[in-house]
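Worksheet for the structure shown next.
The values are calculated or read from the model by the stated rules, or taken from the named source; none is laboratory data. The structure presented is a predicted model; accordingly, all values stated were derived computationally and were not measured. Don't worry about glycine lacking a Cβ; one is built from the backbone with ideal geometry, like all the others, and counts go over all protein chains shown. The protein model used for the area step is the full one, side chains on, heavy atoms only, and it has no ligands, DNA or RNA in it. Shrake-Rupley method; radii C 1.70, N 1.55, O 1.52, S 1.80 Å.
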Amino acid sequence: MTSRLASRLLNWYRLQGRTLPWRGHPDPYAVWVSEIMLQQTRVEAVIPYFEKWMRLFPTVKELAGASEQDVLNAWEGLGYYSRARNLHKASKIVVEKHGGELPRDLKALRELPGIGRYTVGAIASIAFNMDEPTLDGNLRRVFARLFDVSEAADSPAGEKILWNLTAGHLPRGQAGDYNQALMDLGATICLPRNPRCLLCPLMEICEARANGTQEQRPVLKPRKETPFFTHAAGVMTMNGKVLLAKRPSKGLLGGMWEFPNGRVDGEPAEELESALEAGYQLKVRTGEALVTVQHAYTHFRVMVHAFRCELVNTSANENLKWVKLEEMADYPMGKVDRQIARVLHG
DNA sequence: AACCCGTGGAG
DNA sequence: TCTCCAAGGGT
């Protein structure tokens, strides 16, 4: 039994659904890669990365055999780099424990790093045509509006209601199309701001059920305000090489490379030396500022002053490396450090 | 539960 | 310029 909602939705999807590189792809691996890339990331940003990724790592086995450096390089610019590290880890597990094939078992999928409740439902329904619901930001918004969900949509209580709503309308045998239709609807019609209700295939149902509260849905918890920090970075060049540091594997930009830097509270030029000593066991003499970069991360903003430094002394450190200027592109960096690197390269 | 994790586009 | 937030997961 297909609900009226699902029926309207599926008819609309056949006519208005988007054509995307991973849609109709025969390989579950392609669906997997796309779902990881699409976490908190827009379709337009993902497409070029997906196509490059599938050229570099066409199969699970080739991904598993790649170095973390190559994997992070392929991901550079897409953000949330733990996704790349987890996908890489998971590919090795799939090769070792599942014969190189993505398992069709919900529990086995859920245990792979980087695959949570949403991604299990998406892969199971889209790649394996299983009757599984899922809930992402699009479905959350669509159902919160359609059924006047006053509970905070990003709270456990609200999410439980929303999971039940989407599961309750799931059409047997067409869960993949149903889930993707709701995502397309959320991304092109039921927009966060200024929804295009006149083009919506569910307008009639929505008007009947939503009590006119659509513009006030979904209810979301208030955000915390973002702090601001100032950092100083040291640019140390010698014989056509520059000193780079590898970040810890966890946390912000985990496993990526950067110019040695530290947080400063007073005048950057005066504090840089002590900051670098604390973080990198370096002795340096600062010179003139090379470039200043501002950047807004999700949870804080930074201003980074990059200084040319004269190196006096350094202790042994595995995470420090002298890199030829022409080879900086081979070292995965976040946006800020890539910007500094570009200034150096000319 | 609350917090952390990137980047870019839209308004 | 500034705020919002996007096919979430991990801790």
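The mean sequence separation of alpha-carbon pairs under 8 Å and at least six residues apart, normalised by the residue count of chain A, gives a relative contact order of 15 percent. For segment A:228-345, the solvent-accessible area works out to 53 Å² per residue, with a probe of 1.4 Å and every protein chain left in place. Take each peptide in A:215-225, A:34-44, A:262-272, count the other Cβ atoms within 10 Å of every residue, and average; sorted highest first, the result is A:34-44, A:262-272, A:215-225. Using θ = phi - 60° in the Karplus curve 6.51 cos²θ - 1.76 cosθ + 1.60, the 3J(HN,Hα) couplings for segment A:329-335 round to 5, 7, 9, x, 9, x, 4 Hz; x is entered for Gly and Pro. Neighbours of A:Trp12 by Cβ distance under 14 Å: Lys/Arg scored +1, Asp/Glu scored -1, total +2.
Using the rule -39500 (n - 2.57) for each DSSP H run of four or more residues, divided by the residues of chain A, the 222 nm mean residue ellipticity is -13000 deg cm²/dmol. If only the Cβ of Lys and Arg carry +1 and only the Cβ of Asp and Glu carry -1, the dipole of chain A around its Cα centre is close to 740 debye. With θ taken as phi - 60° and the Karplus curve 6.51 cos²θ - 1.76 cosθ + 1.60 applied, the whole-hertz 3J(HN,Hα) list for segment A:278-283 is 5, x, 9, 6, 10, 10 Hz, x standing for glycine and proline.
Remark on A:Phe229: its backbone amide H falls under 5 Å from those of A:Arg301, A:Val302, A:Met303, a criterion applied only to residues 5 or more positions apart or on other chains, H modelled at 1.01 Å from N.
What does the charge add up to near A:Ile126, with Lys and Arg as +1, Asp and Glu as -1, over the other residues with Cβ less than 11 Å from its Cβ? So the surrounding residues net to -2. The mean sequence separation of alpha-carbon pairs under 8 Å and at least six residues apart, normalised by the residue count of segment A:216-277, gives a relative contact order of 32 percent. Using the structure shown, list the pairs from A:Lys89/A:Lys241; A:Lys107/A:Lys160; A:Lys52/A:Lys335; A:Lys97/A:Lys335; A:Lys92/A:Lys246; A:Lys160/A:Lys221 with a Cα-Cα distance above 25 Å, or answer none. Over 25 Å Cα-Cα: A:Lys89/A:Lys241; A:Lys97/A:Lys335.
Across all directions, the shadow cast by the convex hull of chain A built on its C-alpha atoms averages 20.2 square nanometres. Counting charges near A:Ser274 (Lys, Arg +1; Asp, Glu -1) among other residues having Cβ under 15 Å from its Cβ returns a value of -3.
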